[in-house]
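Following: one structure in structure tokens, then a few remarks.
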Amino acid sequence: MEEYIRIYTGSGILVNRLASLLKENNSRFIIKDEKESARLAGFGTTGDSVEVHILNSDLEGAKNIIENFKKEIEK
């Protein structure tokens, strides 16, 4: 079984931006949105953090994208 590694946690807007960049690079990733999952299940939850997890084997090829994204949002 292939393993995913968390690379970023933030708002849904920023996660969508990073996801777009990863898609352009053909990196395989998943987005975990616990708040949305809880809402759909009928439960409440606090916080507004969404996680991006990338496939371990795609991490090396996506490092520059991730680093540039983090620099971009720090400005």
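Laboratory data are not the source of any read-out in this text; all were calculated from the coordinates shown. In this text the structure is predicted, and so the values were computed from the model without any measurement. Please note: Cβ atoms are built from the backbone with ideal geometry, for glycine as well, and neighbour counts cover all protein chains shown.
Values as computed for the structure displayed
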| read-out | value |
| --- | --- |
| For Arg28, distant residues with modelled amide H under 5 Å away | Leu55 |
| Lys70 paired with Asn56, simple spin-label distance in nm, labels 7 Å along Cα-to-beta-carbon | 2.0 nm |
